[in-house]
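The structure under discussion appears below in the form of structure tokens.
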Amino acid sequence: MKLKNIAGFHSIDDYARDKLARYGRQEKNFETLFSYMFSERENIMAEISDGYRIQKITYGECADKIASIVPAVEKMLSVAPKGSIVGLYMANSIEWIELFWAILRAGYNPLLMNSRLNADVLENVLQEYGVAAVVSDGKTFCVPTVNAADAFKGQAETKTENAVWGTEVLFMTSGTSDNIKLCAYTGENFYYQICDSVNIITKCPQMKKHYEGELKILALLPFYHVFGFIAVYMWFGFFSRTLVFLKDLTPQTLLNTVQKHKVTHIFAVPLVWETVYKKALQKIRSREAKTYKKFQKAMAFVSKHEKLGSLLSKMAFKEVREGLFGDSICFLITGGSGISQEALAFFNGIGYHMANGYGMSEIGITSVDISMKRKELNKGSVGAPFGGTQYSVSKDGELLVKGKTMASRIMQKGEVKITDFDEWFNTRDLAKEESGKYYLQGREDDLIVCKNGEKINPELLEGKLQIKNADEVCLFTDGKGTPTLLVSVTGCFSAEGFRETYDSAVAELERAQIKDEVPVVALTTDKLLGASDFKVSRKKIAKRYNAGQLMLIERENAESHTQFLLSVLEKELCACFAQVLQKKEEEIAVTADFFTDLGGSSLDYFTLLDMIKDKYGVEVATSENRKLSSVQEFYQFIKK
């Protein structure tokens, strides 16, 4: 099918090269970038589900809205000196994009605030770096804070042109209050990032693939994250492709939105992909044993045979894809931390195309595997560096990067480092190079030095441990310097299950021949990933562990722990019943029937099932529907 919205060119390559060439001949500031970002005024910029309808917003409509709110933004931010830093604290939305450009156009430098960080960390950042004001979606901060919604009230009828634009966009690194950095990017830095995106388009046919003539990328990654801003918004927005926004971040909304809007590209962190993979596998396993064996056999064939495997995957796994994202998907990218080869093999095996990429807040997005072969993609390489970037591996195995896509300056603890683009930046990520491609192997500062002097790489080891019932594992050094393996088990309610998990963890360490080096195994029912985390932070886990903030379960005391957890489970189920039925918790007797005693409807019941599935990872089979109708019955069902 002929591609839509490429300015009359015959191919996306010609269109991309021409637009980049014209941009390259002009001054590379944000004013110029804006003019090119919004030059195809009739192209659809955003799609948003509005009930049963899909609301569409063009690039021209968005550009006009930005121009109309600039006077209001200037007035709202009059307390902030021109050229100062102004925070933007909002979730992904079309309004986020409009306010981002309005702040720049009003002469300020936007700081893209990480809304996942806790309030104290954010307040420290605002004070430490002299942020003059914040545009917020409702949360108030210690500096002058203005409500984002006010910018859209009484918009100017005549567009005002402002000669003074902001000169930087600033990203926050994630972390604790004592190590947050601000990374500042200029318009020129983004120009080189866009140059890299054109290189990918021309070298990787799958990346530029459209569906029914259109390319639509899901606005899943937060725009305050360098991965979300550059790889999702900047790369695709520059070439006037369509962003699809989510109403909320629930798994069902994600799947429904992708299929309804016929999304073609999804970029996400490994946590998202691993979760989708595990749930899909769980669903397949819940069917007949014969069905699961067929699935395994087909996957094995696909992994061994490239061409025949591609044909088989399209036919054999159509039902699996329909249960996930459908058939509009053309390209999936994972990045931000390590992903298991099993997850990569699953997505590439069922007929999708998933590649691994690399970047950091300090360096931007610097590589992605552009291979078209499934076997290569499944190895987990982050590819070769883009044209404007160079990689090198130090004698200590650390990845070094240099290039003009990097942040122009980095600020931390009162110090400002101006980037020398000819100087190597040490990412502190461990890496190896094979045939021009790079493979990440964890973080240098996560290495564990044992008493015998041997070094253990936790990330490499964790991926090999196959511990029964484990949701997450983390290998770290505790406050006494003892290597400790922490296993999170969130879906277990039996002492036997906890003991099985503990014994499995010990056996896996023995299999890896490091039981003596890692003498402590601990179980917890707490999740290891915090609300602000995209990946497990060993420093945060160690801090929580050493401070006694985790509920630890000892093998010999598993029975008493289980009784406590079951009493909590019963209370939580009563709370679920009460929430669905809009009653007080004390009104829910554990033996009361959902329908006859509590007055619940069939619609209420299915809402309850969804809630229990999301909370406990337990899916009630159709044959069990309505047989479970009291807190006590659900309690026994989950306990099993």
Taking GluC sites (Glu not before Pro) in a DSSP loop with at most 13 other Cβ atoms within 10 angstrom as exposed, one finds the longest site-free stretch of the chain at 289-422
How tilted is helix 306-316 with respect to the longest principal axis of the chain? Cα atoms for both, answer in degrees (0 to 90, nearest 10).
70
Testing the spin-label approximation: label points 7 Å from Cα along Cα→Cβ at Ser408 and Ser494. State their distance in nm.
6.2
Amide H contacts under 5 Å for Met45, placed H, 5+ residues apart
Ile57, Thr58, Tyr59
Search the structure for amide H atoms under 5 Å from the amide H of Asn92, placed 1.01 Å from N in the peptide plane, and list their residues when 5 or more places away or on another chain.
Phe223
Could you check the simple spin-label distance between Asp18 and Asp64, using points 7 Å along Cα→Cβ, in nm with one decimal?
2.5
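Which links in Lys216/Lys535; Lys260/Lys314; Lys395/Lys455; Lys181/Lys404 stretch past 23 Å when you go from one Cα to the other? Kindly include the intermediate steps, with their values, before the conclusion.
Numbers: Lys216/Lys535 27 Å; Lys260/Lys314 20 Å; Lys395/Lys455 16 Å; Lys181/Lys404 19 Å.
Check vs 23 Å cut-off fails for Lys216/Lys535.
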Treating the angle as unsigned and between 0 and 90°, give the value, to the nearest 10°, between the Cα long axis of helix 495-511 and the longest Cα principal axis of the chain.
70
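Please give the FRET efficiency for Ala589 paired with Lys615, using the beta carbon to beta carbon distance and R0 = 22 Å, rounded to the nearest 0.05. Numbers along the way, then the final one.
Values: r = 21 Å, r/R0 = 0.94.
In this case the efficiency is close to 0.60.
Semi-axes of the equivalent ellipsoid of region 142-293: what are they in whole Å, largest first, if each equals the square root of 5 times a C-alpha gyration tensor eigenvalue?
Values: eigenvalues 242, 91, 74 Å².
Semi-axes (√(5λ), whole Å): 35, 21, 19.
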Which whole-number percent gives the relative contact order of region 514-640, counting Cα pairs below 8 Å spaced six or more residues apart?
21
Amide H of Arg428: which non-local residues (sequence gap of 5 or more, or other chain) have their own amide H closer than 5 Å, using H built in the peptide plane?
Leu399
Counting each DSSP H run of 4 or more residues in the chain as -39500 (n - 2.57), what helix-only mean residue ellipticity at 222 nm follows after dividing by all residues, to the nearest 500 deg cm²/dmol?
-11000 deg cm²/dmol
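Please quote Rg/Rh for region 532-599 to two decimal places, taking the Kirkwood radius as Rh and restricting both calculations to Cα atoms. It would help to have the intermediate numbers written out before the result.
Working: Rg = 17.9 Å, Rh = 15.2 Å.
Rounded to two decimals, Rg over Rh is 1.18.
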With the cut-off at 18 Å, tell me which of the pairs Lys278/Lys468; Lys278/Lys375; Lys379/Lys464 have Cα atoms farther apart than that.
Lys278/Lys375
Using the heavy atoms of the protein chains alone and a 1.4 angstrom probe, what is the accessible area of the chain per residue in square angstrom?
46
Any idea how far apart Glu306 and Gln390 come out in nm if each label point goes 7 Å out from Cα toward Cβ?
3.2
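For the chain, take N as its residue count and report Rg(C-alpha) divided by 2.2 N^0.38 Å. Before the final figure, lay out the partial values.
Values: Rg = 25.9 Å, N = 640, 2.2 N^0.38 = 25.6 Å.
Ratio of Cα Rg to 2.2 N^0.38 Å: 1.01.
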For the Cα atoms of the chain, what angle does the longest principal axis make with the long axis of helix 251-261, in degrees from 0 to 90, nearest 10?
40
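If you take the beta carbon distance between Glu342 and Glu415 as r and set R0 to 35 Å, what does 1/(1 + (r/R0)^6) give as a FRET efficiency, to the nearest 0.05?
Numbers: r = 42 Å, r/R0 = 1.20.
Given R0 = 35 Å and the Cβ-Cβ separation, E is 0.25.
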Express the relative contact order of the chain as a whole percentage, based on alpha carbon pairs under 8 Å and six or more residues apart in sequence.
9
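On full extension of the chain, what length is gained from Val520 through Ala91, given 0.36 nm per residue of separation minus the C-alpha to C-alpha distance? Display every interim value, and only then the final one.
On the way: separation 429, 0.36 × 429 = 154.44 nm, distance 4.08 nm.
Result for the pair: 150.4 nm of gain on full extension.
Heavy atoms only, probe 1.4 Å: what % of the accessible area of region 187-251 goes to carbon and sulfur, would you let me know? It would help to have the intermediate numbers written out before the result.
On the way: 920 of 1760 Å².
Carbon with sulfur: 53 percent of the solvent-accessible area.
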Cross-link partners among aspartates and glutamates for Lys19, C-alpha distance below 19 Å, same-chain residues fewer than 8 apart left out?
Glu27, Glu31, Glu40, Glu42, Glu188, Asp196, Glu214
List the equivalent ellipsoid semi-axes of region 68-172 in whole Å, largest first, each obtained as the square root of 5λ for an eigenvalue λ of the Cα gyration tensor.
22, 15, 12
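If r is the Cβ-Cβ distance from Arg285 to Gln26 and R0 is 45 Å, what FRET efficiency results, to the nearest 0.05? Each step should come with its number before you reach the end.
Values: r = 56 Å, r/R0 = 1.25.
Between Arg285 and Gln26 the formula returns 0.20.
The values are calculated or read from the model by the stated rules, or taken from the named source; none is laboratory data. Since the model is a prediction, treat every value here as computed from it, not as a measurement. Neighbour counts run over all protein chains shown; Cβ positions are idealised from the backbone, glycine included. Areas reflect the complete protein model, heavy atoms only, side chains present, ligands, DNA and RNA absent. Shrake-Rupley method; radii C 1.70, N 1.55, O 1.52, S 1.80 Å.
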